[in-house]
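See below for the structure under consideration.
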Amino acid sequence: MAKMAKIAKVRTGHKDNEHGVPTYWSKSGKTLQRYITALATTDFLLFGYDQGVMAGIISSPAFVHDFPEVDGDSTWQGFVTSIYAVGCFLGACFILSFGDRLGRRYSIFLGAAVMVIGVIIQIASVPPNAGATAQFIIGRLITGIGNGINTSTVPTYQAECSESHNRGKVICIEGGNVAVGTLIAYWIDYGCTYGPHPFVWRFPIAFQIVFCVVILVLMLRLPESPRWLLSHGREEEANTVLAALADKQREHDVVQTQITVINDAMKASGQIGGHTSFKDLLTNGKSQHFRRLLLGAGSQMMQQLSGCNAVIYYFPILFQTSLGTTENLALLLGGVNMVVYAIFAMTSWYAVERIGRRQLFFIGTIGQCLSMVLVFACLIPDTPSAAKGAGVGLFTYIAFFGATWLPLPWLYPAEINPLKTRAKANAVSTVSNWLWNFFIVMITPVLVDSISWGTYLFFAALNAIFFPILYFFYPETAGRTLEEIDIIFAKGNDEKISYVTAAKLLPKLTEQEIRDQALKYGCNSSDDESGSTGEKNEASNVDNTNTLMA
């Protein structure tokens with residue numbers, strides 16, 4: 001036992017304090033969880049910064065001079081901006097294939113390191129020539145790969161290290177900081193327009209490294225996810241991490257009960273040795289792997305098709321093209337719009353647990369739909385006075401989006417998917433995000449050029465379609481442990497009721513009640529793969545009883 005503890009200490013880099021409680025960065029309990037939140041926040045600040053940084057430089061005279069291909073060409077503008085999303089897609093695919101093997105810590109560290117390489121390639125371009133443009137595009141692609149790795153991993157890591165009562169809040173803080181990152185990018189872009197020619201685009205691109213360094217340093221001594229450790233048979237290390245997160249000694253009843261509950265959930269779902277095949281993502285039965293995968297990936301798809309990046313990436317261009325403002329005024333208004341974005345994003349931190357996921361989804365969808373209706377209606381007359389109303393619509397859109405749809409699709413897949421498929425399913429959700437992100441960012445300049453106000457009618461219609469999908473298929477998960485969410489789907493499957501109804505009917509459970517309910521519904525991987533029969537259910541219940549007795 002002493003030898004195993006020593007090995008665990010070397011692997012995880014923890015130290016015990018004077019009370020025998022394990023610490024990381026000399027912290028435990030809520031302070032350690034704040035460190036993990038700081039890591040996640042910094043990563044999503046970087047994500048938001050990267051989303052917004054091209055908006056202020058893509059049409060600037062300095063950037064157009066150095067990369068003339070984008071000058072007045074909406075297709076090239078879309079390509080240079082959206083190639084980043086292609087990189088993010090490739091990074092998410094990498095995690096889909098190798099994330100379970102690497103673990104959360106190594107994946108996040110790798111993602112930040114790859115982003116640094118991509119940034120260096122971009123700022124090392126020596127324009128104007130075609131080779132410099134190609135180098136910039138390749139660097140932006142590589143930066144996207146790093147971001148795709150991190151955005152596929154960080155929400156899962158955060159969810160697996162958080163307590164159920166504040167999991168939504170901390171992941172919304174993480175997701176909400178996308179808006180703050182975008183705000184920082186817009187204002188740095190605006191300030192750099194007054195600098196010397198090479199400074200206008202090089203400094204905003206280079207500033208990403210600041211966030212990357214913070215992530216790399218923090219990740220050196222933060223713990224691995226306890227659930228990932230348990231799924232790979234590293235119980236001693238998981239015990240240490242759970243004790244540190246709970247601010248308890250390893251032998252404390254709270255820590256041992258958590259380990260038992262997580263192990264029971266893994267055995268019930270067939271999670272053995274940490275290996276999850278792609279086939280497992282397509283099973284249903286009591287665990288409903290495929291349905292839960294679709295719910296998470298669907299939320300990411302709807303986020304992108306709502307029109308958010310048409311506004312975030314191209315706000316200055318939209319104002320110049322659709323409203324006829326000057327470049328300087330468009331950049332200034334873009335910065336103000338990002339202030340609104342960031343302020344409203346922060347409201348989700350307080351609302352997500354009080355109001356719940358479903359209600360926030362509904363509020364955001366209705367608000368975004370009506371905002372897009374206002375934009376296209378005010379653009380139809382094609383007069384300067386009416387166009388001001390369209391500007392108001394873009395501002396109200398970003399306010400509703402920031403408060404609701406910005407953080408929720410990062411939170412929902414991380415908690416809706418079971419432990420067995422969580423890493424891969426969350427990566428699939430992120431793949432969905434970046435595929436649709438690329439699609440929207442690529443077509444938006446072309447749509448605005450081709451159909452003008454019809455672009456906003458298109459997004460209004462899509463938001464209207466999303467409401468019934470959310471109402472009938474998305475169960476509430478607020479305040480639930482990750483293991484309780486498993487029971488919601490087992491209950492819905494067993495009792496042949498909708499999963500939305502199952503979530504409403506299931507009361508909040510204690511840890512002992514979770515174990516009892518898991519026994520009652522007899523979740524088992526064999527059910528997932530080949531359907532369920534009474535005989536299998538009975539065998540499953542016997543297995544679970546033996547597990548609990550042991």
| task | Relative to the longest principal axis of the C-alpha atoms of the chain, give the angle of the C-alpha long axis of helix 253-269, reported between 0 and 90° and rounded to the nearest 10°. | result | 80 degrees
| By how many degrees, between 0 and 90 and to the nearest 10, does the Cα long axis of helix 167-192 differ from the longest principal axis of the chain? | 20 degrees
| Listed residues 252, 289 arranged by accessible area, highest first, probe 1.4 Å | 252, 289
| query | Amide H of residue 60: which non-local residues (sequence gap of 5 or more, or other chain) have their own amide H closer than 5 Å, using H built in the peptide plane? | reply | none
| request: With a point put 7 Å past each Cα toward its Cβ, work out how far residue 15 is from residue 260 in nm, to one decimal. | output: 3.4 nm
| task | Compute the acute angle (0 to 90°) between the alpha-carbon long axis of helix 104-123 and the principal axis of greatest extent of the alpha-carbon atoms of the chain; round to the nearest 10°. | result | 20 degrees
| query | Just the accessible area for residue 126, please: 1.4 Å probe, Å², rounded to the nearest 10? | reply | 100 Å²
| At 222 nm, what helix-only mean residue ellipticity would the chain give, in deg cm²/dmol to the nearest 500, using -39500 (n - 2.57) for each DSSP H run of four or more? | -25000 deg cm²/dmol
| How would 187, 405 line up by accessible area, probe 1.4 Å, largest first? | 187, 405
| note | Checked segment 15-69 against the a/c 1.5 cut and the a/b vs b/c comparison, axes a ≥ b ≥ c from its Cα gyration tensor; verdict prolate
| Linear extension gain, residue 510 paired with residue 339, 0.36 nm per residue minus alpha-carbon span | 57.4 nm
| note | Residues other than residue 351 with Cβ under 11 Å of its Cβ, Lys/Arg counted +1 and Asp/Glu -1, net out at +2
| said: Quick one: 3J(HN,Hα) in Hz for segment 376-383, Karplus 6.51/-1.76/1.60 with θ = phi - 60°, rounded, Gly and Pro as x. | reply: 5, 5, 7, 8, 4, x, 6, 10
| query | Which order do 378, 212 take by accessible area at a 1.4 Å probe, largest first? | reply | 378, 212
| remark: Square roots of five times the C-alpha gyration tensor eigenvalues of the chain, ordered largest first and given in whole Å, equal 42, 27, 19
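The values are calculated or read from the model by the stated rules, or taken from the named source; none is laboratory data. Note that the structure is predicted; figures quoted are calculated from it, not measured. Here Cβ is always computed from backbone atoms with ideal geometry, including for glycine, and neighbour counts include all displayed protein chains. Accessible surface areas use protein heavy atoms only, side chains included; no ligands, DNA or RNA. Shrake-Rupley method; radii C 1.70, N 1.55, O 1.52, S 1.80 Å.
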